[in-house]
Amino acid sequence: MRRLRFHPCGNFKERYEEELTIFTTDFGRFWLLVGLLILFVVIPFLSKPYLLYVINHIGMAAIAAIGLNILIGYTGQISLGHGAFFGVGAYAAAILGTAGGFPFWLSVIAAGVITAWVGMLFGIPSVRLKHLYLTIATLAGQFILQYLFVQWESLTKGPEGIMLPRATLFGVDVKGDRAFYYVIFVSFVILTWIAVNLVRTRYGRAFIAIRDNDRAAEGMGIPIFRYKLLSFAISSFYAGFAGGLSAYYIGSITPEPYTLFLSVEYIAMIIIGGLGSIPGSVFGAIFITLLNELLSHATEFFMNIGALTKIALTIAPLREFVFGLAIVFFIIFEPKGLAEVWRIIKSSFKLWPFSY
Amino acid sequence: MEFFLQLLIQGLSVGFLYALAALGFVMIFKSSSVLNFAHGELLAIGAFIFLVFSVRLNLPIPIAFLFTLAGTFAMGFVIERLFLRPLIGEALIEVIMLTVGLAAMFKGLLLVIFGGNLFNYPDFLPKALTIEWGAITIPPVYVASFIIGIIFLSIFGFFFKYSSQGIYMRSVADNQPAALSLGVHVRRVFAMSWAIAALVCALSGIILGIMNGINVHDISIMGLKVFPVVILGGLESIGGAIIGGLIIGLLETFTGGYLSTSLKEVIPYVVLVFILLVKPYGLFGLVEIERV
């Protein structure tokens, strides 16, 4: 049996492989196992349905946020169209599930693939555009897609929306929060695993090279356009997959949720969580989803107290204010996000009591 | 024909408004290369400050107008000092995201204070400004906005061309390190450009409010319309912003008039994507040439 590895008291890495390992010590593997056990055995049986509902939303948001982080955090291409891509996924799954008659699993995966193609389409401007111009192009993409959701009535049924059939997986009826919990979090674990490993491969390194200096990257022989498109495709696949899941989970879709504000929400997630960090995307998804729930609870709470209904009405827009404030606060005071906070906490434990 | 002329005039005046709104945007971009996503909210803040002064506090219109301009000028300084200054030298994405955050913040704040209702200014424009020309009547708002726009555009034109502050601003826009080494106070220039931009925004916000009434949602959508305008005209060009604004305004009005009203909202963005693919630096923008 090989020896357990513990934290070295300094940086003694000698090979690149050591730098690239996910688990530097066996403790990491152990904690991952514990985490998975808690995720799949403890949480679904101890939580109440409402809590499960919130956690499911966190899971879907985390999948989409990881996708966006691959695009923004790793490849450096700012996209303001992620909310619309999420919507494309939801609509693709809904249309395939109803008119196409696809089974649940296939229509969600197909939704991811279709969204990947749509994402690539809106990534084409990145052949000539960078930074600001690309951001504006994705903004235009957001509006065009939003328009299509409402106006392309033969396909999307317009403002009425689409009712989805019940999801079945391997002959089993997927109904209720707990069943969906497993569907969502199994895909979450798989997609996270893919993302974590993706950024360690040549593709991930190419993405990071493009982010850090695209001209140098091109000089080193990286075909940047192809990689940018690939990054758009991967990121949109994640968004579309999450969108498809959410469409089935909620059971019906309308064009309303997939606005620019949703895109901003996703951007807020990865900024608050930490750009260029997969765990960061998950932290951000947790933070934003909980914030959302908290604010809607506050609204409901005040609504029910007759005298305070007026306060409740002002809290609804306060949501937007708090969002903006969170983004601004994190950019100014902790630009690396919650992932950095987490790292600091961890390392201060590691070094305790000799914190220097 | 009459319908066509009416649309033409409406399109030109809408376009003029876009041009005016884009002006503040171009100012900020020229001097600090910040892509301001909070632009629509700045417009709305200006419009609402004027509303507070003119309706709630019942000040005479000219005084309310001056107060609004002064207030937004100061507000521009404060915004720059509080939010943008800590980010000087940071990565572009963070600055862009910061303005996105600011946009959400301002919008939320305005909604909390004023709610999502439609407000109106008192009808203070003299009827004498109405132009009647055959069967076509041009309402006084358009005439007034045109006059104010011309005045301010020429003031800013002269400001950039001849005043030392304007020349500093152009130098910072052109080459920041060189400007620094020649003793230009770059931070003050940034603050100045935000202040002026906030002032211009207030101006266009007020005119917008006179034309369509003031509603937080409508005006902040207007801020996003600025993007097609500036991309068409070129991000660095004030003249381009004006021409871009007129073209987009006309396009929108004619689409709304002849094709469909729902298409009207999205056509500027379709054009935007098209321009970005064909001529990304716009009609008058600075072409950056990069070779590996």
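The values are calculated or read from the model by the stated rules, or taken from the named source; none is laboratory data. In this text, all values refer to a predicted model and were calculated from it rather than measured experimentally. Here Cβ is always computed from backbone atoms with ideal geometry, including for glycine, and neighbour counts include all displayed protein chains.
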Looking only at segment B:260-278, filter to residues that are of a type in the set (Ser, Thr, Tyr) and either more than 8 Å from chain A (Cβ to nearest Cβ) or under 21 Å from the mean Cα position of the chain (by Cα) (or both); which one of those is nearest to residue A:145 (Cα to Cα)?
B:269
Given the condition in contact with a helix residue (DSSP H, G or I) (Cβ under 9 Å, 6 or more places away or on another chain), touching a residue at least 24 places away in the same chain (Cβ under 8 Å) and away from chain B (no Cβ under 12 Å), answer yes or no: does some residue in segment A:145-156 qualify?
yes
Checklist (1) surrounded by fewer than 18 Cβ atoms within 10 Å (Cβ to Cβ); (2) over 22 Å from residue A:35 (Cα atoms) applied to residue A:189, failing item:
(2)
For segment B:25-35, give me each residue that is part of a loop (DSSP other than H, G, I, E, B) and modelled with pLDDT under 80.
B:33, B:34
Residue A:337: passes all of (1) at pLDDT below 85; (2) more than 24 Å from residue A:192 (Cβ to Cβ); (3) under 24 Å from the mean Cα position of the chain (by Cα); (4) not charged (D, E, K, R) but (2)
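Where in segment B:36-154 are the helices (runs of 4 or more DSSP H), entirely inside, with at least 3 residues that are under 18 Å from the mean Cα position of the chain (by Cα) and over 28 Å from residue A:134 (Cα atoms)?
B:39-51, B:61-79
Would you mention how many residues in segment A:247-263 are in a helix (DSSP H, G or I), farther than 16 Å from residue A:98 by Cβ and at pLDDT 85 or above?
The number of residues fulfilling the criteria is 2.
Here's the yes/no breakdown for (1) within 14 Å of residue A:89 (Cα to Cα); (2) at pLDDT below 85; (3) touching a Leu at 6+ places or on another chain (Cβ under 7 Å):
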position: A:222; (1), (2), (3): no, no, no
position: A:238; (1), (2), (3): yes, no, yes
position: A:244; (1), (2), (3): yes, no, no
position: A:274; (1), (2), (3): no, no, yes
position: A:293; (1), (2), (3): no, no, no
position: A:296; (1), (2), (3): no, yes, no
position: A:307; (1), (2), (3): no, yes, no
position: A:313; (1), (2), (3): no, yes, no
position: A:316; (1), (2), (3): no, yes, no
Out of all the residues in segment B:219-250, which are within 14 Å of chain A (Cβ to nearest Cβ), touching a residue at least 60 places away in the same chain (Cβ under 8 Å) and in a helix (DSSP H, G or I)?
B:220, B:221, B:222, B:223, B:224, B:225, B:226, B:229, B:230, B:233, B:244, B:248
From A:116, A:140, A:206, which residue is at pLDDT 80 or above and within 23 Å of residue A:104 (Cβ to Cβ)?
A:116
Given (1) under 12 Å from the mean Cα position of the chain (by Cα); (2) closer than 24 Å to residue A:141 by Cβ; (3) among the hydroxyl-bearing types (Ser, Thr, Tyr), number of the condition residue A:289 does not satisfy
(2)
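Residue-by-condition table, conditions (1) at negative phi; (2) away from every other protein chain (no Cβ under 11 Å); (3) of a type in the set (A, V, I, L, M):
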residue	(1), (2), (3)
A:48	yes, yes, no
A:64	yes, yes, yes
A:72	yes, no, yes
A:89	yes, yes, no
A:102	yes, yes, no
A:108	yes, yes, yes
A:114	yes, yes, yes
Got at least one residue in segment B:114-123 being within 14 Å of chain A (Cβ to nearest Cβ) and modelled with pLDDT of 80 or more?
yes
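Can residue B:179 be described as buried (at least 19 other Cβ atoms within 10 Å of the Cβ), farther than 27 Å from residue B:145 by Cβ and free of Cβ contacts under 8 Å to residues at least 24 places away in the same chain?
For residue B:179, the condition - buried (at least 19 other Cβ atoms within 10 Å of the Cβ), farther than 27 Å from residue B:145 by Cβ and free of Cβ contacts under 8 Å to residues at least 24 places away in the same chain - is met.
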What residue, among those in segment A:121-155 that are under 23 Å from the mean Cα position of the chain (by Cα) and of a type in the set (Phe, Trp, Tyr), is nearest to residue B:280 (Cα to Cα)?
A:122
Take the residues of segment B:71-110 that are surrounded by fewer than 17 Cβ atoms within 10 Å (Cβ to Cβ) and of a type in the set (Gly, Ala, Ser): which is farthest from the other protein chains (Cβ to nearest Cβ)?
B:74
Only one of these conditions is not met by residue B:17: (1) touching a residue at least 60 places away in the same chain (Cβ under 8 Å); (2) surrounded by fewer than 21 Cβ atoms within 10 Å (Cβ to Cβ); (3) under 28 Å from residue B:131 (Cα atoms). Which number is it?
(2)
Test residue A:197 against the stated conditions and say whether it is within 14 Å of another protein chain (Cβ to nearest Cβ), surrounded by fewer than 20 Cβ atoms within 10 Å (Cβ to Cβ) and not charged (D, E, K, R).
no
Where residue A:226 falls short, out of the listed (1) away from every other protein chain (no Cβ under 14 Å); (2) buried (at least 16 other Cβ atoms within 10 Å of the Cβ); (3) assigned to a helix (DSSP H, G or I)
(2)
